[in-house]
Structure formats: structure tokens, C-alpha cells
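Chemist: Mind looking over this structure? Questions follow.
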Amino acid sequence: MQPLLKLSSVKRSFGAIHALKGVDFEIMPGEVMGLVGENGAGKSTLVKIISGFDNGYSGEYRFNGESVNFSSPAKAELAGIAIAQQELSLIPTMSVAENIFLAGHNVPTIADKRRLVKMARPFLDEVGLDTINPAIGVDRLSVGEQHLVEVARLIAHDPQVLILDEPTAALGESDSIRILDMVSRLSKKGKSIIYVSHRLDEIFKITDRITVLRDGESQEPRTADTLDVNSLVELMLGRELDIMFPERRPKTDAEPLMRVEQLWPDGLLEPVDFEIYPGEILGLAGQLGSGSGEILAAIGGAQLTRSGKLSYSGRSFLPSTPKQAIRAGIAYCSEDRKLDGLFLGRPIKENLSSPSLGAISRLGWMSSAAEWKLATSIAEKFTIDASRLSAEAGVLSGGNQQKVALGKWLSIEPKIILVNEPTRGVDVGARAEIYQKLRDLADSGAAIVVASTDIQEITNLPDRIITFYRGLKIGELALQELSAATILKQITDPFNETNL
Amino acid sequence: MSMNAATNDPEIRSTLFNRMLDRYSPLVVILVALFAVVFVYGMVTAPNFLTVFNFKTIIRDAALVGIMGIGLTFVTLSGNFFLLSMKETAALSIIAFAIAMSNGYGFELAFLFTMCVAVIAGMLQGALIGLGGNPIVVTLGAAGLFFGIASWWSDNLVVSFRRPHGAEWLGSGSFLGLPNITIAFILIAITAEIVLRYTSFGRQVYLIGANRAAGRATGHENFSMAIKTCTIASVCSAFVAIAFSAQVSSAHVNYFSSEFGSSGDMTILVIATVMVAGNSIMGGYGSTLRTSLGAIFISTVDNMMVLHGFNSGPRVLAVGLMIVFSIIVFALVRRGSRVQE
């Protein structure tokens with residue numbers, strides 16, 4: 001059988017940076033091809049070339065046996081290659097049906113809403129949204145459902161190749177499952193799917209073959225069942241990854257560092273109480289919408305609450321702005337580093353010093369030497385390349401951006417570090433480094449609180465866990481009680497509502 | 001490409017340098033080339049262009065707009081867009097100053113009084129913007145308010161004060177052969193650049209401008225920033241108003257709308273000054289140095305057109321074209337410099 005799409009020795013450089021140094025890639029009709037690699041290995045560049053966003057490459061690109069060179073994504077889409085990107089491109093105020101036919105192909109010039117609704121139905125069924133009314137607004141859907149609508153929109157153009165770029169990165173467990181179901185359904189119908197993901201468990205679940213990119217070079221594609229997680233990670237890193245998760249510590253009898261009392265942010269059904277101990281990593285486990293992230297935001301002063309107090313270092317208070325929290329030694333990292341974790345257009349050095357301008361200046365005058373010293377020491381601890389501190393943070397890959405977003409908090413020497421989704425969109429290598437760094441911080445006496453929807457992460461990183469389900473605190477699990485099954489049960493079905 | 005790999009690659013090090021060249025060279029080349037074209041054209045066609053006197057005139061003309069532009073640059077860099085009330089703030093200030101002067105309070109008191117008015121005007125707008133008001137709407141409203149107060153206060157008449165008065169040194173004095181207003185422009189330009197580069201306040205301007213949400217998350221609130229930057233812009237407007245009034249020994253609310261300079265509307269001219277040198281309209285990128293150079297550039301083009309006998313229509317057109325051109329050039333340069341890992 002001939003490959004449907006085949007790229008041979010594709011190279012792409014940006015200035016002196018060689019993003020792709022020679023990549024071969026192919027996909028058969030009806031195949032699900034996994035595309036994995038560390039951040040910066042060249043996945044995004046390759047995906048951009050395939051989907052027509054970038055045609056400044058050298059090498060051969062054959063589609064349906066013909067040599068092609070798409071000068072725009074629209075041309076690639078017309079030829080039958082569609083891409084669903086990480087950022088959604090739906091218009092929230094319009095209905096599901098209207099969004100599906102946004103581009104206007106295959107739609108009569110004058111189409112009333114009822115007709116669009118009828119036309120949208122089969123595509124929604126195809127992606128598994130058979131219970132959704134196409135007439136309702138997109139803003140009433142969950143993020144996962146919105147991703148499915150986005151795919152339905154692409155399917156309406158009947159593409160031969162569908163590229164899914166980290167479709168589950170922002171999704172909880174149950175939404176992710178719907179995406180995976182959709183992928184297998186579409187591949188059975190003969191669509192070829194390129195599936196880009198950092199979640200290795202998904203890659204093994206749904207792909208037929210896997211192409212690994214490393215430092216801009218492609219490895220021979222492997223069939224999924226000849227690999228396991230360890231061998232795949234080894235292919236991605238080019239070395240064995242000794243440990244993903246650092247060793248954990250059982251709870252000591254230390255006095256709590258902070259008592260959270262009757263804290264009630266939006267997104268929770270009732271106020272919560274819990275304690276945070278020095279030297280521990282506490283995990284808040286829950287799916288999207290469980291309210292665990294809101295708790296962190298509230299402690300960090302980033303979100304208003306209805307009630308609540310923090311008893312902490314001899315006083316009882318509740319920060320109403322991040323500024324107050326920072327002053328009290330509380331650092332908060334939101335789940336969206338691009339939104340409020342980084343100054344993408346400013347140098348890395350300025351990002352690292354941003355929370356502690358006071359510490360590097362005297363009477364309002366900044367000391368350039370002090371800033372360099374601070375930035376260099378953080379860069380060293382977080383393995384950020386010190387020679388690039390003057391470069392804009394925006395040029396970094398996801399993993400390195402996350403290290404900067406987290407690392408900047410070292411500058412205030414925080415006693416409590418709150419991290420929502422510490423490794424979203426971060427590759428395995430950087431992930432292990434971040435876990436180790438969080439553990440080091442805990443060992444130095446700080447308290448770390450992590451909220452995560454990633455079940456592997458939340459099971460293996462924290463010393464203690466509090467579980468949440470739809471705005472309710474469900475339970476607390478000590479180190480010896482931690483298991484993926486218990487946690488999953490508590491965060492997805494604590495009240496035995498479904499009989500599985 | 002991962003960072004760790006990058007360190008070991010000698011090519012990457014040179015890339016940093018190349019990237020800087022990539023970013024600045026087309027910009028510098030284009031601006032210098034444009035300046036050279038204007039310059040040579042002026043030299044060849046207008047015999048009076050290349051005289052010391054004319055250069056002093058150019059800088060002097062640039063001074064008033066330049067000072068206001070420097071003030072506005074703080075607002076723009078901090079991501080709070082523009083104040084559309086620049087000329088009305090100046091109108092309110094010039095009336096305040098002239099009335100105080102004509103009532104015989106002397107330069108120092110009149111100056112202080114005017115600055116108080118400007119600080120209140122700036123803080124008011126800044127507070128509204130800081131609370132989440134749209135800068136355009138807030139400052140359009142403020143513009144109407146200030147202009148209304150000023151024309152009511154002055155009965156829409158020219159307020160004049162008799163020479164000799166204590167402000168003459170600022171209006172028409174000179175030092176070492178340079179007009180005092182030119183010296184003030186140079187001093188303000190240097191001070192502003194130093195503040196932006198070397199103080200934590202300056203850094204906060206850039207950080208909040210680059211990403212307001214991240215600024216808030218790292219403890220830098222836009223509320224106080226908006227108040228501070230709007231006050232700076234307002235005070236700069238007032239300073240220009242005082243200098244202008246000192247020069248003509250009078251004031252009228254319309255001095256900055258119709259009679260001022262060549263290009264008619266002062267607010268538009270000030271915004272042009274900020275834009276033409278490539279300060280990012282979204283904030284977080286640019287400098288007051290750029291604004292100062294922008295003011296001199298616009299002034300040079302304008303001067304040349306005056307020497308060629310153009311009237312105000314074509315001169316306004318030229319300013320408009322410069323803005324459009326610079327926006328396009330800088331947008332392209334910025335996009336070109338974005339290298340993804």
C-alpha cells in the first residue's frame with residue numbers, strides 16, 4: 001500500500017536554529033499515527049509544514065502520490081488535510097451549527113438556522129456529540145465538547161488527513177475519553193489521523209504506529225505494540241530516564257505551616273478546611289470543574305472568595321490581591337502560563353526577577369548586577385540556559401517556559417508554593433526536572449500544594465492528597481493509601497452514581 | 001530545540017547576535033534611510049534648510065510635541081493605550097496658568113497651581129482606567145470635561161498677562177545659545193529614558209504593558225500604574241501649556257486645537273510622535289527615546305515642507321502617511337524577528 005502522505009528528508013531552519021534537520025514522516029490511509037517528542041524536538045514545526053502554515057522548508061512532501069507545497073492552510077485544507085490546533089478557533093457567541101459551517105464550504109448561499117442545524121447533525125454524531133443540540137451556543141458546552149465541535153467542523157470538509165495537536169492537553173479525564181473514542185471511530189471510517197500528544201498513555205491506547213522526533217530528527221516509525229512507556233521515553237530522550245517521580249516522604253508530626261479555614265471560592269459548593277505542612281507536597285486531585293484549582297487561586301489572592309481565613313505565621317488573614325500573598329511569602333502559579341505566568345515579549349531575566357523588583361533595587365533604582373545574579377542563580381537551579389537570559393521568553397518551548405514561570409517564584413523565597421497543573425503541555429524530560437525541583441523546594445522547608453487533573457502525576461508526586469468532585473471536598477488520602485484506583489474513584493464517582 | 005542542547009551548540013551563541021541584528025537592522029536602516037532622503041532632499045532644494053538656525057528651529061518645534069509625547073509614552077508602554085485628552089489637558093492647564101498669572105500670583109505660584117490641576121486631571125483619568133475603564137472612552141469623556149471647564153472658566157476669551165512677567169525666561173529665554181524649552185526637552189528626554197531603564201517603576205511599566213494579567217500575578221497592579229502614568233502624561237501636557245503660554249503671554253482654549261504648530265490637532269500630533277518611532281501600541285515594547293526621535297523626525301519633515309511653501313493640508317497628510325508607513329514597517333520588523341524554538 002502506498003502512504004497517503006509522505007515527507008522525505010524535510011529540513012527547516014530559522015536563522016541559525018535548525019528546527020528540523022532531516023525528518024521522514026508518513027501515514028497510511030485509515031492509520032492513527034502518534035507523533036511524540038520533547039518540547040522543541042520539532043513537532044510543532046513539522047505539523048505546521050504538513051498543514052500549510054509554513055512552506056519555507058526543503059525536502060519532499062508528497063500527498064496522494066503527488067508532490068505538493070501548500071502555501072497556506074486554506075490550500076492544505078482544500079486538498080484534504082485539516083488541523084485542530086490546541087487553541088480553539090470557535091466563535092463562542094454563535095451556535096454549534098453555525099460554527100461548524102463557519103468556513104462556508106458546502107453551504108448554500110442562503111441557509112437559515114434550521115437548515116444548518118439539520119446539516120450539522122451527522123457531523124456531530126460522527127464525533128460522538130449525538131446528545132448535543134446543534135442550535136445551542138458554543139459557550140454553553142464544556143471545553144472538551146468544544147474540542148469535539150472543532151473536529152466536527154473540520155470533518156464537515158471531509159478531510160483525508162486529520163491532525164490533532166494535543167487535543168486533550170486542557171481536558172479532564174472524562175472529556176479526554178470522548179476524544180479518544182472519536183479518534184478510533186474516525187479511523188475506522190478510513191480517516192488518517194496524526195495524533196500529537198505528551199500523554200504517553202493515550203498514545204499507546206489509540207495509535208497504530210508512533211513516529212518519534214528528537215532534536216529535529218525523526219526516528220523510524222514503530223508499531224505501538226512493540227514499545228512500552230520506558231522504551232518510548234528512551235527514544236524521545238535519547239537516554240534512559242532514571243526516575244520520573246522523586247521519592248516521597250511520609251507525613252511528619254510538624255506543626256502545620258498554614259491552616260485554611262472555611263475557604264469558599266466560586267466553583268466550590270461549600271467551604272473547605274485543610275492544613276498545609278512544611279516540607280510536604282500536598283496534592284489537590286480533581287477533574288476539570290472540581291474546584292481544586294480555584295482553591296489555590298483563592299489562597300494566592302488571585303480570586304475573590306465568599307468567606308475564609310488563612311492562619312499562617314501567627315496571623316489570620318486572607319489576601320485579596322496576589323501582591324498581598326507575595327508579601328506573605330505565598331507564590332501562586334496558575335494553570336495557564338501564557339495568560340498570567342509569563343511576560344512573553346520580555347527577556348527571560350526580567351521574567352525571573354518580576355516578583356521581586358524590591359529585592360534587586362534600592363530606593364527605586366534597580367541594580368543590574370543584582371538582577372543578573374538573581375536570574376543566573378534561578379537559571380542554574382531550574383536548568384535554564386544561562387546564556388539565553390536576555391532572549392525573549394516567547395521563543396522558549398513549552399517545557400522551558402514552564403520552568404521560567406515556576407522558577408521566577410524562587411526570587412521571593414516563598415514559604416508556600418501553589419501550583420495549578422505544574423506540567424501541562426510539558427515534555428517528559430522537563431517534567432521530571434520540574435518534579436525534582438518541587439521536591440527540592442519541599443525538602444528545603446517550603447510547603448508545596450499542587451492541583452492537577454493528570455492522574456499519573458497526582459498519584460505519584462504528592463505525599464498526601466485531598467480529593468475533590470464537582471465542587472465538593474471528598475476525602476484525604478495519606479501516602480500509604482495513595483493509589484490510582486482510589487483516587488480515580490473519589491474524583492470521578494465518589495457517590496456510586498454510576499454502576500461500572 | 002531544547003535549551004540544554006542549545007548551550008552546547010556554538011552556532012546558537014552567534015544566533016543571539018544575529019537575532020539582534022535581525023531585529024534592529026531593517027528598522028534602523030529604514031529610518032536612517034528615510035531621514036537621509038528627507039535630509040538630502042531638503043538640503044538640495046531648500047537653501048535655508050542646512051543652517052544652524054534652521055536646526056535649532058527644528059528641535060525647538062519638536063520640543064513641545066516631544067515633551068507631551070514622552071509623557072504619553074509612559075501610558076502607552078504600560079499597556080493603557082492613549083490619552084485622547086492630551087490637548088484638552090493642555091487647554092485646561094494653559095487657562096489655569098494664564099488666569100493665575102493675570103491675577104498677579106507670580107510664576108512660581110502659577111506654576112504650582114497649574115501642576116496641581118494637571119495632577120488631579122491625570123489621577124482622575126488614571127483611577128478610572130485603573131478600575132477597568134476603557135482608556136478611549138474615559139479620556140474622550142475627560143477631554144470634554146476639561147475643555148468645557150477651561151472654556152467656561154475663561155469665558156472662551158483670550159486670557160493675557162502683561163510683560164514683563166516671571167515666566168519669560170521659560171518662554172523665550174535661552175542658555176548657551178539654545179532656547180530654554182529645547183534644553184527642557186533634552187533634560188526631560190534623558191530623565192524619562194533613565195527612569196524607564198534603571199528604576200523599578202520603569203520596569204513595572206514594561207511588565208504591566210507586556211502582560212497585565214502576569215503583572216497582577218507577580219504583584220504589580222495596573223490600578224496604581226494607570227494613575228502614575230496618566231499623571232505623568234498630564235503633567236507633561238501642563239508643562240508644555242505653561243511653556244507655550246509663557247512665550248505668547250496669553251492663553252486661549254483653542255491654542256492646541258487650531259493655532260498650534262502646523263498639523264492642527266495637538267493630540268493627533270502627539271500620538272503620531274509616539275507611534276512613528278515604533279513604540280508598541282499594545283504596550284510592553286518601546287522607549288521614550290524613540291518618541292523623542294519621532295518628534296524630531298516629524299518636525300524635520302514638517303520644516304522642510306514649510307520651507308517649500310506647503311500649507312497645512314499637505315503637511316497634515318505627510319504626518320498621516322508617516323504614521324501609516326511606520327506602523328506597517330514596525331509590524332513587519334516585529335513579525336520577522338519572532339523566531340520560534
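Chemist: Taking each residue in A:382-394, count the Cβ atoms of any other chain within 10 Å of its Cβ, then average. What number comes out?
Modeler: The shielding value for this peptide is 4.
Chemist: Can you give the Rg to Rh ratio for segment B:199-337, taking only C-alpha atoms and Rh from Kirkwood?
Modeler: 1.03
Chemist: For every helix of n ≥ 4 consecutive DSSP H residues, a contribution of -39,500 (n - 2.57) applies; sum these over chain A, divide by its total residues, and give [θ] at 222 nm rounded to the nearest 500 deg cm²/dmol.
Modeler: Using -39500 (n - 2.57) per qualifying helix, the result is -9000 deg cm²/dmol.
Chemist: Quick one: work out Rg over Rh on the C-alpha atoms of chain A, Rh as Kirkwood radius.
Modeler: Rg/Rh for chain A comes to 0.98.
Chemist: Where both partners of a DSSP beta bridge lie in segment A:5-237, what percent of those bridges are antiparallel, to the nearest 5?
Modeler: Counting only bridges with both partners in segment A:5-237, antiparallel ones make up about 50 percent.
Chemist: Report, in whole Å, the centroid distance computed from the Cα atoms of segment B:262-333 and segment A:121-140.
Modeler: 51
Chemist: Let me ask something additional. Amide H neighbours of residue A:361 under 5 Å, counting only residues 5+ apart in sequence or on other chains, H built in-plane at 1.01 Å?
Modeler: Excluding prolines and chain starts, which carry no amide H, the hits are A:367.
Chemist: Here is a follow-up. How far is helix A:143-155 tilted off the main Cα axis of chain A, in degrees rounded to 10, range 0 to 90?
Modeler: It is inclined by approximately 20 degrees.
Chemist: Also, I was wondering about something else. What is the diffusion coefficient of segment A:5-237 in µm²/s, taking the Kirkwood radius over Cα pairs and the Stokes-Einstein relation at 25 °C with a viscosity of 0.890 mPa s?
Modeler: Result for D is 135 µm²/s.
Chemist: Could I ask something else about it? Per DSSP H run of at least 4 residues, take -39500 (n - 2.57); add these up for chain B, divide by its residues and hand me the 222 nm value, nearest 500 deg cm²/dmol.
Modeler: Helix-only estimate at 222 nm: -25500 deg cm²/dmol.
Chemist: While we're looking at this one, here's another question. Averaged across B:278-288, how many Cβ atoms of other chains sit within 10 Å of each residue's Cβ atom?
Modeler: 1
Chemist: Sort all Cα-Cα distances of segment A:156-224 into consecutive 5 angstrom bins from zero, then give the percent of pairs in each bin up to the one containing the longest distance.
Modeler: So the P(r) values, bin by bin, are 3, 14, 26, 26, 17, 10, 3, 0.
Chemist: Okay, moving on. Sort segment B:155-211 into rounded, prolate or oblate with this rule: let a ≥ b ≥ c be the square roots of the eigenvalues of the Cα gyration tensor; rounded if a/c is under 1.5, and if a/c is not under 1.5, prolate when a/b is larger than b/c, oblate otherwise.
Modeler: Oblate is the answer for segment B:155-211, as a/c is 1.5 or above yet b/c matches or exceeds a/b.
Chemist: Can I ask one more? What does the average come to when, for each residue of peptide A:352-359, you count the partner chain Cβ atoms lying within 10 Å of its Cβ?
Modeler: Across A:352-359, the average partner-chain Cβ count within 10 Å equals 4.
Chemist: Sorting check: for A:259-265, A:212-218, which peptide has the highest mean count of neighbouring beta carbons within 10 Å, and how do the rest follow?
Modeler: Going from most to least packed, we get A:212-218, A:259-265.
Chemist: Using a Debye calculation, one point per C-alpha and no hydration shell, please list log10 I(q)/I(0) for segment A:289-418 at q = 0.12, 0.21, 0.22 Å⁻¹ in order.
Modeler: Rounded to two decimals, the profile gives -0.49, -1.21, -1.28.
Chemist: Follow-up. Order A:287-294, A:364-371 from most to least packed using the mean count of other Cβ atoms within 10 Å.
Modeler: Highest-to-lowest ranking by the protection proxy: A:287-294, A:364-371.
Chemist: For segment A:342-412, place one equal point scatterer on every Cα, skip the solvent, and apply the Debye formula. What is log10 of I(q)/I(0) at q = 0.12 Å⁻¹?
Modeler: Here the Debye-derived log intensity ratios amount to -0.26.
Chemist: At q = 0.23, 0.24 Å⁻¹, what log₁₀ I(q)/I(0) does segment A:192-300 have when each alpha carbon counts as one equal point scatterer in the Debye sum?
Modeler: Values, matching the q order: -1.22, -1.30.
Chemist: OK, next. Mind pulling the angle between the C-alpha long axis of helix B:10-45 and the longest principal axis of chain B? Nearest 10 degrees, somewhere in 0 to 90.
Modeler: Between helix and principal axis, roughly 40 degrees.
Chemist: Bin by bin, in steps of 20 Å, what percent of the Cα pairs in chain B do you find, going until the bin that has the longest distance?
Modeler: Result returned by the calculation: 29, 55, 14, 1.
Chemist: Shifting gears a bit: Mind scanning A:323/A:473; A:338/A:408; A:408/A:473; A:338/A:381; A:251/A:473 and naming the pairs with a C-alpha gap bigger than 25 Å?
Modeler: Distance filter (> 25 Å) returns A:323/A:473; A:408/A:473.
Chemist: Compute the long axis of helix B:106-130 from its Cα atoms, compare it with the longest principal axis of the Cα atoms of chain B, and write down the angle in degrees, 0 to 90, nearest 10.
Modeler: 40
Chemist: What is the spin-label model distance, in nm, from residue A:68 to residue B:45 if the labels are put 7 Å beyond Cα along the C-beta direction?
Modeler: Distance between label points: 5.2 nm.
Chemist: Write down the radius of gyration of the protein assembly as shown and its Dmax, each obtained from C-alpha positions, in Å.
Modeler: Expressed in Å, the Cα Rg and Dmax of the protein assembly as shown come to 30.8, 97.
Chemist: With labels modelled as points extended 7 Å from the Cα through the Cβ direction, what inter-label distance (nm, one decimal) is found for residue A:338 paired with residue A:135?
Modeler: Between residue A:338 and residue A:135, the simple spin-label model gives 3.5 nm.
Chemist: Percent of Cα-Cα pairs per 10 Å bin, from 0 to the last occupied bin, for segment B:163-244, please list those.
Modeler: Values per bin, smallest distances first: 16, 36, 25, 16, 7, 1.
Read the figures in this text as sums done on the coordinates, not as results from a lab. Not measured: the values here are computed from a predicted model. With ideal geometry, Cβ positions are generated from the backbone for all residues, glycine too; neighbour counts draw on all protein chains shown.
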